[in-house]
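What follows is one structure encoded as structure tokens, with my remarks underneath.
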Amino acid sequence: MPNILEVKGLSAYYGPIRALFDIDFTIATGGVTALLGANGAGKTTTLRALCNMIRRTGTSVLAGQDISRKPTEDIVRMGVAHVPEGRGTFAGLTVEENLKLAFHTRRDHAAARRDLELVFDYFPRLKERTKQQAGTLSGGEQQMLAISRALMLAPRLMLLDEPSFGLAPLVVQEIFRILRRINEHEKVSMLIVEQNAALALELADHVYLLETGKVVTSGPSSMVQNDETLRKAYLGY
Amino acid sequence: MEFLLQQIASGLTSGAIYACVALGLVMIYVSTDHINFAQGEMAMFATYIAWTLIQAGIPYWVAFGLTVLIAFTGGLLIQRFILKPLEHAPVLALVVCFIALLSIFNAIAGMIWSYTVKQFPSPFPSGDPTGHGLVSYHQIGVVAVTAIMLAVLTVFFRFTTLGLAMRAAAQNPASARLMGVRVSWMLALGWGLAAAIGSVAGMMVAPIVFLDPNMMTGILIYGFAGALVGGIGNPGGAVVGGFVVGVLENLVGTYLIGNELKLTFALVIVVGVLILKPAGLFGRVNVKRV
Amino acid sequence: MAAVTNSWATRRGIGAVAIVFWLAMLALPLLGNVFPSESFDYYMFMGQSMMVYAIAVLGLNLLTGFNGQISLGHGAFFALGAYVTAILMTDGGWPYWATLPVVAILCFGAGFLFGFPALKLESHYLALATFTLAIAVPQLLKHKAISPWTGGVAGLVLDKPDAPFGLPLSPDQWLFYFCLIVAMVLFWAAFNLLRGRSGRAMMAIRDHGMAAGTMGIDTSLYKTITFGISALYTGLAGALSAITVAYVAPDSFALPLSIAFLVGLVVGGLSSLSGCIIGGIFLVLVQNWSQSLSDWMKATFDLRYDVPSWAIYGVLLLLLMYVMPTGVAGGVGRLYRFVAQKLAR
């Protein structure tokens, strides 16, 4: 299967307000795609629409299966893990409980236990804090926890909404390094929404630029990195 | 001194029952933000089912177990088919819905089993172990059954995956969906459990107050009082609150205001807590963001 | 909600119901002279009850329908009005009409005071507090300390007043007109209140509480006063009820009464004055027909015991929440607009 995700004519609505206008995009299997654009361009909306968290029209096909009308939890069970804006931490549960929640969804508990070890390998800081209330973790740790929760679902596709948001540069570097490892070792395809364009372009091999709910341009990340006019116009640097 | 101990023992027994009702209320509140006004009538209805089973010759504990299962199923079905369609309706519509359920259960109970008061057996031997008239076996039994049930629930919620999923769904439904949890079913399960807990409360109290369709009305508002005292968002607090209110009710009723004002006392607690300390002893106040 | 309620004053279709109702009530006692019959007194009594319940539901509607504060305990104010009247008449020997101003003041005061703590309670908590009030009231009424006045469990029996000024009316006819005059005055007063600035403020508070506050409306004052007025109305209904039924007893003011008011409100239609009349009519009809309905159901389904009005109320409430949440008034309103749109094409 060449493409893990194919989206055609996606429009999304917040009540009567339309936020996305018939956008098309694809994500190659095993690839990392970045979704860039200014504030309000519709990046987070796209991720929410993919998971059917908001009203949407159009088709989304995940590895050959149509997920356009499925409820969020079913899409997740089919292999899509969404690391949401704001991290979505279960503040009242411990770190361990946040991760073990995946056991409810996964059939193969032995595999899930192995993944728990894997996650602790990637993020040793979480292993030190298993019994701590997740709400008391720092921003960076909560981001690690959010990514770990997604990993625990053994996804085929990970959607990440602004993973660098509110984090110190060093922490962001570490997280993006780990994301690359996850992509390469666990073969997880990724769709990353980022404001920090430079960082996203380093990680991604393909880019879509959004502006006010429409795709303005797309191509390999090298193309965007090398095109100064494009960068200045849409990404501000 | 003996008399005081008797009152405290009696208070703890009532407290155990209030704790059960409060726990059911809090479970529904935590997962759905709704106050189930029909909790008492559902418990009463379940108790009548138990009575019918026992009258049919089924041994007590078997009937007990069956009733708990039936109550669980009933609660689950009510959430799925009656409440879920209204999940986005305004508060008033939901309040009306709960009142409707209250009326229907009360009326049907009266219809099937009439309003004549019935006796409900206690599974515990009569008499008291201390020989001084301090506590009866039934009172000890009620507290013991409540304690066992609470222990089972605690284990379920703390140590099983399903319990974890239910807690997650209640705390953060959006994130829970993103973890693949079927949140709607978790809500239905929560209702089922609340109904089951209520049925236990009903079966424990019926031997004391006798079985009639209006048996649970007064107990329900004490359940509210207990839940509010403990903090309506807090299951553990609800249990503590229930016991506190039970003991207070007995002591205040005996020594201060007489037993004919017990319901007014519940009202005072409810209004007092809501005005003075809405978060209760253990809860947190939700600040409304504009 | 706002769309339905903004048009309340202009739903001419429903206004017609109100006009027909008042005219019918005016004519009713006189019909007794034209068509004398034994059961005529009974019809007059039904008419009186409809008016009393309409006023009680109006009280609740002012608070819940027009101002958004949910009360499940209006039976308490009804009881307060009824007992104040009864006590003044039996112990104090007051004439029935003189008790009404006292009831009005006392009930307004009680409602206003209750309105203060209510300010801090969000919708379902207020419902909870008033629910608890409704359950506590009968026990309170039976208490030993006040039974010398209230008559305890047995309650109080009142005398039926005669027509004044030697008017050629039977006591029942006179009482009927008395109720009718009070009802018309109260409805007219409510209509004026709601039509004006106060009404708009009340509804603004219901729809967008925080925004209303930022627009300069003194939300707290409006809410507490509305509570007072609401209690006043339902309390007066209670007083009228005591006078016409000539009897008060604690168990008639238990939870089912508060629930009945809620049913009347929901069936008639929230934030609709005519809905209150429909609600009042509905409650009396159900009470009267529930026995026949119950007999029919017993015969048809071979039940052992009566089907109480509770069951009917409950099922009806549920159905309404799904099918017609705006009540009969809202439903007719929708129908009226639908027809009007068709005709305009």
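Nothing in this text is a laboratory measurement; each read-out follows from the coordinates by a stated rule. What you are looking at is a predicted structure, and each value in this text was computed from that prediction instead of being measured. Glycine also receives a Cβ, built like all others from the backbone with ideal geometry; neighbour counts cover every protein chain displayed.
Structure values in brief
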item	result
Assigned charges on the beta-carbon of Lys, Arg, Asp, Glu; the range C:182-318 dipole about Cα centre (debye)	440
Under DSSP loop assignment and at most 12 Cβ neighbours within 10 Å, longest trypsin sites (Lys or Arg not before Pro)-free interval of chain A	A:1-68
Those lysines that a straight Cα-Cα span of less than 19 Å connects to A:K100, excepting residues fewer than 8 apart in one chain	A:K127, A:K131
Highest-fluctuation residue, A:L159, A:L118, A:L35 considered, GNM on chain A with Cα pairs under 10 Å	A:L118
Chain B: angle of helix B:39-55 to the longest principal axis, Cα-based, in degrees nearest 10	60
Of A:K70/B:K84; B:K84/B:K277; A:K187/A:K232; A:K8/A:K214; A:K8/A:K70, those spanning more than 22 Å from alpha-carbon to alpha-carbon	B:K84/B:K277; A:K187/A:K232
Inter-centroid distance (Cα atoms) of the range C:109-162 relative to the range B:24-65, Å	30
Derived scalar couplings ³J(HN,Hα) [the range A:102-112; Karplus, 6.51 cos²θ - 1.76 cosθ + 1.60; whole Hz; x for Gly, Pro]	4, 4, 5, 8, 8, 6, 8, 5, 5, 4, 5
Built amide H within the under 5 Å cut-off of A:M190, gap 5+	A:G31, A:V32, A:T33, A:M158
Whole-angstrom Cα spans of the protein assembly as shown along principal axes, big to small	105, 85, 53
Selected from B:L261, B:L211, B:L276 as most flexible by GNM, with chain B as the system and alpha-carbon contacts under 10 Å	B:L276
Averaged over B:84-96, number of beta-carbon atoms from partner chains that fall within 10 Å	5
Positive-pole candidate from A:L20, B:N214, A:L199, dipole of the protein assembly as shown, charges at beta carbon	A:L199
Among A:L20, A:L210, A:L167, residue whose mean-square fluctuation peaks in a GNM of chain A (springs only between Cα atoms under 10 Å)	A:L167
For the range B:71-181, the Rg and Dmax computed from alpha carbons only, in angstrom	20.5, 59
Summed side-chain charge close to B:R177 - residues other than B:R177 whose Cβ falls under 10 Å, Lys, Arg +1, Asp, Glu -1	-1
Gap separating the Cα centres of the range A:37-72 and the range A:1-33, nearest whole Å	6
Å³ per residue enclosed by the Cα convex hull of chain A	120
B:S126, B:S31, A:S164 arranged by Cβ crowding within 10 Å, fewest neighbours leading	B:S126, A:S164, B:S31
The range A:101-237 - Rg over Rh from alpha carbon coordinates, Kirkwood radius	1.02
Whole-Å semi-axes of chain B's equivalent ellipsoid (Cα gyration tensor)	30, 23, 19
The range C:39-162 - Debye-derived log10 I(q)/I(0), Cα point model, q = 0.11, 0.21 Å⁻¹	-0.46, -1.33
Test item: C:311-319 mean partner chain Cβ contacts at 10 Å	6
Pairwise centroid distance, computed over Cα atoms, of the range B:189-219 with the range C:180-247, Å	38
